[in-house]
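Asks: Dumping the structure here so I can ask a few things about it.
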Amino acid sequence: MHFNENHVSNRIQVVRDGAEALDFLFATGAFAERNIDNGPKLVLLDLKLPKIDGLEVLRRVKSDPRTMKIPIVILTCLP
């Protein structure tokens, strides 16, 4: 990853779809042991995620008081 090449020392969590992203952000499913209060400092969000699209992930994150203040950078590609 380019993050390592540029000496970004923050821990990076990669998820593969919108459902897994929501599980991580809300500490449910496979991430149920994670403390939700120790959440990410920044989210890089692809709008074209499988299962649950990025717009729905964004809507849920911004509508929940526990996660609404997390900065989100939206990324996508044109078809």
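The values are calculated or read from the model by the stated rules, or taken from the named source; none is laboratory data. Everything quoted here is computed from the prediction, not taken from an experiment. Please note: Cβ atoms are built from the backbone with ideal geometry, for glycine as well, and neighbour counts cover all protein chains shown. These accessible areas exclude ligands, DNA and RNA; they are computed on the full protein's heavy atoms, side chains included. Shrake-Rupley method; radii C 1.70, N 1.55, O 1.52, S 1.80 Å.
Asks: Applying the selection to the range 48-66, what residues are more than 16 Å from Q13 (Cα to Cα), part of a loop (DSSP other than H, G, I, E, B) and either open to solvent by less than 50 Å² (accessible area, probe 1.4 Å) or β-branched (V, I, T) (or both)?
Replies: I52, D64
Asks: Starting from the range 55-78, take each residue that is in contact (Cβ under 8 Å) with a residue 60 or more places away in the chain and list its partners that are surrounded by 15 or more Cβ atoms within 10 Å (Cβ to Cβ), counting only C-beta distances under 6 angstrom and pairs at least six apart or across chains.
Replies: none
Asks: Any idea which of A21, A30 is part of a helix (DSSP H, G or I) and either among the hydroxyl-bearing types (S, T, Y) or over 15 Å from I72 (Cβ atoms) (or both)?
Replies: On inspection, the qualifying residue turns out to be A30.
Conditions (1) of a type in the set (G, A, S); (2) modelled with pLDDT of 95 or more, marked per residue:
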| residue | (1), (2) |
| --- | --- |
| N4 | no, no |
| S9 | yes, no |
| V14 | no, no |
| D17 | no, yes |
| L47 | no, no |
| K51 | no, yes |
| R60 | no, yes |
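Asks: How many of the residues making up the range 22-39 are crowded, with 16+ Cβ neighbours inside 10 Å, on the phi < 0 side of the Ramachandran plot and at pLDDT 95 or above?
Replies: Total meeting the criteria: 6.
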